[in-house]
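Notes follow the structure.
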Amino acid sequence: MVNLSGQDDNQRHKKSESSESIKAVAIYEVVKGIGALLGAIALWQWHKDMEQWLSTATHSWRQYFGQLLAPQVDSAVQIAQQASKNWTVFLLIIFAYASLRFIEAYGLWQDKTWAYWFGVVGYGVFIPIELYYLIVSPFDWFKLGILVLNIIIVIVVYRNMKRKGLI
């Protein structure tokens, strides 16, 4: 069926599907950027008392969740301890990361070609690294989830790039 704009319903449906999936990736990018900014605020506010705060947070985590995500918690604690020593440098890195997430989200939401390429390369480059760590280290559901999520995002962005004729 053809409507007044000359597009058939199938083309319009495909277009709305691709833009909705790209908008979902854009929202994910915004969430990551907001998470980074919240981390920056926490670092800025608590960098002087980081050891005490980390001890309390780790104890609370283990009390409520046991060993769930224990390797990730330990890794986050180590990063936070290092960040508290060089907090100004870490703040700059976090703000740069958050800015990249917001810029990519804007570009995807606005259907910009550069954002598609940025997304495919940005997520795709980590897939071999994540796969390597999943193989050489003890099995971890969290790492597997991140790997699967990144593969899904690369596929979604790649398929939308093909629909747009970018590749």
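The values are calculated or read from the model by the stated rules, or taken from the named source; none is laboratory data. From a predicted model like this one, the values you see are computed outputs, not experimental measurements. Reconstructed Cβ throughout: ideal geometry from the backbone, glycine too, with neighbour counts over all protein chains shown. To get the accessible areas, we keep the full protein, side chains included, count just its heavy atoms, and leave off ligands, DNA and RNA. Shrake-Rupley method; radii C 1.70, N 1.55, O 1.52, S 1.80 Å.
The residues in the stretch 76-92 that are within 15 Å of A40 (Cβ to Cβ), open to solvent by less than 70 Å² (accessible area, probe 1.4 Å) and assigned to a helix (DSSP H, G or I) can be counted, and the count is 7.
Checked against the criterion of being assigned to a helix (DSSP H, G or I), in contact with an Asp or Glu (Cβ under 6 Å, 6 or more places away or on another chain) and either in contact (Cβ under 8 Å) with a residue 12 or more places away in the chain or among the hydroxyl-bearing types (S, T, Y) (or both), the candidates L134, L147 yield just one match: L147. A search for C-beta distances below 8 Å between a residue of the stretch 47-67 that is among the aromatic types (F, W, Y) and any residue that is in a helix (DSSP H, G or I) and open to solvent by less than 90 Å² (accessible area, probe 1.4 Å), counting only pairs 6+ apart in sequence or on different chains, returns W61/V73.
Rundown of residues vs (1) open to solvent by 60 Å² or more (accessible area, probe 1.4 Å); (2) farther than 15 Å from K23 by Cβ; (3) in contact with a helix residue (DSSP H, G or I) (Cβ under 8 Å, 6 or more places away or on another chain), yes/no style:
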{"residue": "Y97", "(1), (2), (3)": "yes, yes, yes"}
{"residue": "Y106", "(1), (2), (3)": "yes, no, yes"}
{"residue": "G122", "(1), (2), (3)": "no, yes, yes"}
{"residue": "V125", "(1), (2), (3)": "yes, yes, no"}
{"residue": "W141", "(1), (2), (3)": "yes, yes, no"}
{"residue": "L144", "(1), (2), (3)": "no, yes, yes"}
{"residue": "I155", "(1), (2), (3)": "yes, yes, no"}
{"residue": "N160", "(1), (2), (3)": "no, no, yes"}
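When E20, E104 are checked against the criterion of being at pLDDT 90 or above, in a helix (DSSP H, G or I), out of contact with any His (no Cβ under 6 Å at 6 or more places or on another chain) and farther than 23 Å from Y133 by Cβ, a single residue qualifies: E104.
The conditions of being out of contact with any His (no Cβ under 8 Å at 6 or more places or on another chain), open to solvent by 50 Å² or more (accessible area, probe 1.4 Å) and assigned to a helix (DSSP H, G or I) are not met by A115. Residue by residue through the stretch 17-68, note down the ones that are under 18 Å from the mean Cα position of the chain (by Cα) and of a type in the set (A, V, I, L, M). Scanning the stretch 17-68 gives I22, A24, V25, A26, I27, V30, V31, I34, A36, L37, L38, A40. In the stretch 37-55, is there at least one residue being over 30 Å from S19 (Cα atoms), modelled with pLDDT under 80, acidic (D, E) and surrounded by 13 or more Cβ atoms within 10 Å (Cβ to Cβ)? Yes, the stretch 37-55 has at least one match.
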